[in-house]
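This report refers to the structure that appears directly beneath it.
The values are calculated or read from the model by the stated rules, or taken from the named source; none is laboratory data. Note that this is a predicted model, so its numbers are computed, not measured. Neighbour counts are summed over all protein chains in view; Cβ atoms, including those assigned to glycine, are modelled from backbone coordinates with ideal geometry.
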């Protein structure tokens, strides 16, 4: 009897269980679908972030380094005087080059001879100034000119040639070594427009020729002089006399005394200082 009663109980409960089972199954399916959607949404967000990060990394890697600047040399005869001109090899794509004009010392001539000391020096200057965005140039200036009218004309013609053939700015910087101090200062006094700064290296200057009228023409142009106090070719005292002369007419000049150095220690050796001065 107990056995048959149990059988009856089981039979009575079975329909309820069978009825609840599909509902439970549907709930499980719905929960599964819900969880699946949540998981796939997270994966999509992660994938999106990951792709954006990859894109950023890829963009950073794609940045190309700047091409190195190469010096392009031109030897041009201008009004009978050979000139050396150094520019960026990609000058056709560039513009607003400031100009640096170098005036050489006595016994030197601009030449294409690779063994010539002046050409070697000019190339050292050009390697620095061209890579810093300048056009660097020097005229033969009629050789041992001592600042005469022909040398001034040569410098003027050189500047005009550069401005006609290259996209330059209005800025002109002057460097004069030894005798080159004369054509540098005489050119600046006659054509001061556009001259930004003057650098003189152990210069010849003829101090007594500078009167108030001449000084007035260069009053607004900064002048920086480097001179060794052991110079026997162009004595240091000549530079101090020149500075005193200009000061008497109201013009201040900066002097850097190179202690213990002679005449031939003051030129390419000071290129970093000259460049820094020009950029100030």
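One table, with the values for the structure above:
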{"item": "Complete set of residues in segment 212-236 that are assigned to a loop (DSSP other than H, G, I, E, B) and out of contact with any helix residue (DSSP H, G or I) (no Cβ under 9 Å at 6 or more places or on another chain)", "result": "219, 220, 235"}
{"item": "Filter pass, residue 159 being surrounded by 22 or more Cβ atoms within 10 Å (Cβ to Cβ), within 27 Å of the chain's Cα centre (by Cα) and part of a helix (DSSP H, G or I)", "result": "no"}
{"item": "Condition check for residue 261: surrounded by fewer than 16 Cβ atoms within 10 Å (Cβ to Cβ), at pLDDT 95 or above and more than 24 Å from residue 154 (Cβ to Cβ)", "result": "no"}
{"item": "Qualifying residue in segment 165-175 (condition: within 18 Å of residue 106 (Cβ to Cβ), buried (at least 16 other Cβ atoms within 10 Å of the Cβ), free of Cβ contacts under 8 Å to residues at least 40 places away in the same chain and touching a helix residue (DSSP H, G or I) at 6+ places or on another chain (Cβ under 8 Å))", "result": "no"}
{"item": "Check on residue 203, closer than 20 Å to residue 264 by Cα, touching a strand residue (DSSP E or B) at 6+ places or on another chain (Cβ under 9 Å), in a loop (DSSP other than H, G, I, E, B) and in contact (Cβ under 8 Å) with a residue 12 or more places away in the chain", "result": "yes"}
